Amino acid sequence: MAFFIASIILILVGLYAVLVKKNIMKIVIGLSIMDTGVNILIISLGFIRGRTAPIINTRDLLVNTSSKVVDPLPQALVLTAIVIGVAVTAAALSIVMLMYSRKKTLEIDEYKELKW
Amino acid sequence: MRKWVAIVFLAFLGFFMVKIVATFPFGEENWGVAKHYVDRGIEENRGSNLVTSIVVNYRGFDTLGEVTVLFLAATALAFLLSTCRCQKKYNRIEGSLILKTAADTLFPLLILFGAYIFIHGHLTPGGGFQGGTVIASAVMLMLLSRLSFHPNHRALSVTEGLAGMAFVLIGLAGLIWGGSFLANNILPLGQWNRLFSAGVIPLIYIAVGLKVGSELSGLITDMIATTKEEK
Amino acid sequence: MILEYFMLLLLILMIGLAVFAVETRDLLAAVLAAGFISLVASIVYLYLQAPDVAMTEAAIGAGLTTLIFIIAVRKTERYEK
């Protein structure tokens, strides 16, 4: 239960950084913290007490497997999610570097061309 | 003002999220379709690592999508950084003697370790993505320690293209000879807990590992790169 | 029992690091705090019996993401105004 609450607090701290902060790098850091929080939430939903990892390398795990291992499906989904998180962060940082080379500032209040 | 409105909204959101999540009992059994994957995973796939057999065989199409997304992000980064008039001339310093010696010793060992991780992906924890990242971190170590290390962009992009094509070709071979895309019965399944087993799963993970490794190495080289006139 | 208390300590450490990363004005410190969050999350994944995910998070989160953040901070500004 503590895992659920801690991961939800991590998601909310990341969301606060995206909503309130005025520096673009802080917004991207908040996005990355939110990714980590969501991944911890998904894996802690698949945890079962007293059981072991879903790698079957001894003979006594071959019989009656579904009462001896932890749920492997959330782990497969989170594996994909971590890699996609790093791809999104890399693309966002390249856009940040491009924006800095145009106007030499990182505050989002200076980028006013789309406002009317 | 904006800060307090955001904090009130986040407290509201947090309250509802905790109420929803608290209905799940933590640490108790909650099988769904994963019960079939766990019970019948060994006899259908003969690979010891259940997470690998889910990622490559039962949900193999999602892995193809993920590899595509990674390719798209690396291409977008390379394209955007080539049009950028960024401050490219900053002073990179040469590494010290300790760093150079350690990097020279560790570079072949790290590549060997990365290859070991993705070849044994169906037997031990690991797989294509982990092995590819270890290979990219070996290239990163060499880039940080020497100024004269330039990975060959052409070789990296050719490796990446061929590895990606190999993944799709294995899937099409499954369609022609096996009956469905990415079918697992075109190669013999073998015995449990041996290296040559589990059908096409090792081949797919080798292709994914090479692709991710060369892609992330190209991404890091693009971000660190200096232009030719300022060498 | 000791292990449960240790995990609780690590979770509180993660939340403290997240608040520090959002509030500090030194961008390099914020980036290193985000990398440290990924490292502690890798230890938490090991307690939750997920070795594949722990390896992936340690290699990608604490290695690659921190490196590309540091390159981006190096090419822009270090201190927030």
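Select from the stretch A:1-22 the residues that are among the small types (Gly, Ala, Ser) and at pLDDT 90 or above and write down the one among them that is nearest to A:LEU106 (Cα to Cα).
Initially, the stretch A:1-22 is screened for residues among the small types (Gly, Ala, Ser), giving A:2, A:6-7, A:14, A:17.
Now drop any that are not at pLDDT 90 or above, which leaves A:6-7, A:14, A:17.
Working: A:ALA6: 31, A:SER7: 29, A:GLY14: 19, A:ALA17: 15 Å.
Going through the qualifying residues, I end up with A:ALA17.
Which one of these does B:LEU189 not meet: (1) buried (at least 19 other Cβ atoms within 10 Å of the Cβ); (2) touching a residue at least 40 places away in the same chain (Cβ under 8 Å); (3) more than 19 Å from B:GLY131 (Cα to Cα); (4) not hydroxyl-bearing (Ser, Thr, Tyr)?
(1)
Criterion first (modelled with pLDDT under 90, part of a helix (DSSP H, G or I) and within 14 Å of chain C (Cβ to nearest Cβ)) does B:THR133 satisfy it? Steps first, answer last, please.
Working: modelled with pLDDT under 90: no; part of a helix (DSSP H, G or I): yes; within 14 Å of chain C (Cβ to nearest Cβ): yes.
Judged against the criteria, B:THR133 is not a match.
Please specify each residue of the stretch B:167-186 satisfying the condition of being surrounded by 12 or more Cβ atoms within 10 Å (Cβ to Cβ) and polar (S, T, N, Q).
Across the stretch B:167-186, the qualifying residues are B:ASN184, B:ASN185.
Hey, does the stretch A:38-51 have a residue that's facing another protein chain (nearest Cβ under 7 Å), assigned to a helix (DSSP H, G or I) and closer than 18 Å to A:ALA92 by Cβ?
no
Checking C:ILE60 against (1) at pLDDT below 90; (2) assigned to a helix (DSSP H, G or I), which single condition isn't satisfied?
The failed condition is (1).
Give the number of residues within the stretch A:50-65 that are without any contact (Cβ under 8 Å) to a residue 12 or more places away in the chain and either buried (at least 16 other Cβ atoms within 10 Å of the Cβ) or touching a strand residue (DSSP E or B) at 6+ places or on another chain (Cβ under 6 Å) (or both).
The initial filter retains those residues of the stretch A:50-65 that are without any contact (Cβ under 8 Å) to a residue 12 or more places away in the chain, namely A:50, A:55, A:57-65.
Now drop any that are not either buried (at least 16 other Cβ atoms within 10 Å of the Cβ) or touching a strand residue (DSSP E or B) at 6+ places or on another chain (Cβ under 6 Å) (or both), which leaves A:55, A:61, A:65.
Qualifying residue count, the stretch A:50-65: 3.
Okay, residues lined up against (1) part of a loop (DSSP other than H, G, I, E, B); (2) surrounded by 22 or more Cβ atoms within 10 Å (Cβ to Cβ); (3) more than 9 Å from every other protein chain (Cβ to nearest Cβ); (4) under 15 Å from the mean Cα position of the chain (by Cα):
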site: B:THR63; (1), (2), (3), (4): no, yes, no, yes
site: B:ILE93; (1), (2), (3), (4): yes, no, yes, no
site: B:LEU112; (1), (2), (3), (4): no, no, yes, no
site: B:TYR116; (1), (2), (3), (4): no, no, yes, yes
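Please work out if B:VAL38 is aliphatic (A, V, I, L, M) and more than 15 Å from A:ASP71 (Cα to Cα). If you could, list the steps in order and put the result at the bottom.
Values: aliphatic (A, V, I, L, M): yes; more than 15 Å from A:ASP71 (Cα to Cα): no.
No, not satisfied.
I'd like the residue in the stretch B:72-89 that is more than 7 Å from every other protein chain (Cβ to nearest Cβ) and assigned to a loop (DSSP other than H, G, I, E, B) and, out of all such residues, is modelled with the highest pLDDT. Can you show your working first?
Start the filter on the stretch B:72-89 by keeping residues that are more than 7 Å from every other protein chain (Cβ to nearest Cβ), which leaves B:72, B:74-75, B:78-79, B:82-83, B:88-89.
Restricting the remaining residues to those that are assigned to a loop (DSSP other than H, G, I, E, B) gives B:83, B:88-89.
Values: B:THR83: 80, B:LYS88: 59, B:LYS89: 57.
Of everything passing the filter in the stretch B:72-89, B:THR83 is modelled with the highest pLDDT.
Would you confirm, using the coordinates I've provided, whether A:VAL88 is surrounded by fewer than 17 Cβ atoms within 10 Å (Cβ to Cβ), touching a residue at least 12 places away in the same chain (Cβ under 8 Å) and within 9 Å of chain B (Cβ to nearest Cβ)? Quick ask: steps written out before the conclusion?
Details: surrounded by fewer than 17 Cβ atoms within 10 Å (Cβ to Cβ): yes; touching a residue at least 12 places away in the same chain (Cβ under 8 Å): yes; within 9 Å of chain B (Cβ to nearest Cβ): yes.
Considered against the rule, which asks whether it is surrounded by fewer than 17 Cβ atoms within 10 Å (Cβ to Cβ), touching a residue at least 12 places away in the same chain (Cβ under 8 Å) and within 9 Å of chain B (Cβ to nearest Cβ), A:VAL88 comes out as yes.
Just to check your reading of the model, which residue among B:GLY213, B:GLY209, B:GLY218 is farther than 28 Å from A:ASN57 by Cα, within 22 Å of the chain's Cα centre (by Cα), part of a helix (DSSP H, G or I) and not hydroxyl-bearing (Ser, Thr, Tyr)? If you could, list the steps in order and put the result at the bottom.
Details: B:GLY213 fails: farther than 28 Å from A:ASN57 by Cα; B:GLY209 fails: farther than 28 Å from A:ASN57 by Cα.
On inspection, the qualifying residue turns out to be B:GLY218.
In the stretch C:35-66, what count of residues is obtained for those that are within 8 Å of chain B (Cβ to nearest Cβ) and either in contact (Cβ under 8 Å) with a residue 24 or more places away in the chain or closer than 21 Å to B:ALA73 by Cα (or both)?
The number of residues fulfilling the criteria is 5.
If A:LEU114 satisfies all but one of (1) more than 7 Å from chain B (Cβ to nearest Cβ); (2) surrounded by fewer than 19 Cβ atoms within 10 Å (Cβ to Cβ); (3) within 20 Å of the chain's Cα centre (by Cα); (4) of a type outside the set (Val, Ile, Thr), what's the number of the condition it fails?
Here A:LEU114 meets the rest and fails (3).
Considering each residue of the stretch B:99-117, count those that are within 23 Å of B:ILE204 (Cα to Cα) and free of Cβ contacts under 8 Å to residues at least 40 places away in the same chain, and give that number.
Within the stretch B:99-117, the first condition is being within 23 Å of B:ILE204 (Cα to Cα), and the residues that meet it are B:110-117.
Okay, now just the ones that are also free of Cβ contacts under 8 Å to residues at least 40 places away in the same chain, so B:110-113, B:116.
The qualifying residues number 5.
Does the stretch C:67-80 contain any residue that is acidic (Asp, Glu), touching a Leu at 6+ places or on another chain (Cβ under 7 Å) and within 9 Å of another protein chain (Cβ to nearest Cβ)?
Yes; the residues of the stretch C:67-80 include at least one that is acidic (Asp, Glu), touching a Leu at 6+ places or on another chain (Cβ under 7 Å) and within 9 Å of another protein chain (Cβ to nearest Cβ).
Here is a list of conditions, (1) part of a loop (DSSP other than H, G, I, E, B); (2) closer than 24 Å to B:LEU64 by Cβ; (3) of a type outside the set (A, V, I, L, M); (4) touching a residue at least 12 places away in the same chain (Cβ under 8 Å), and B:PRO151 meets all of them except one; can you say which number that is?
(2)
For the stretch B:1-56, which helices (runs of 4 or more DSSP H) that fit wholly inside it have 2 or more residues that are of a type in the set (Asp, Glu) and more than 7 Å from chain A (Cβ to nearest Cβ)?
On the way: elements: B:2-21, B:34-45, B:50-53.
Answer list for the stretch B:1-56: B:34-45.
Mind counting the residues in the stretch A:66-85 that are surrounded by 21 or more Cβ atoms within 10 Å (Cβ to Cβ), more than 8 Å from chain B (Cβ to nearest Cβ) and in a loop (DSSP other than H, G, I, E, B)?
Qualifying residue count for the region: 1.
The values are calculated or read from the model by the stated rules, or taken from the named source; none is laboratory data. Keep in mind the model is a prediction, meaning the values are calculated, not measured. Neighbour counts are summed over all protein chains in view; Cβ atoms, including those assigned to glycine, are modelled from backbone coordinates with ideal geometry.
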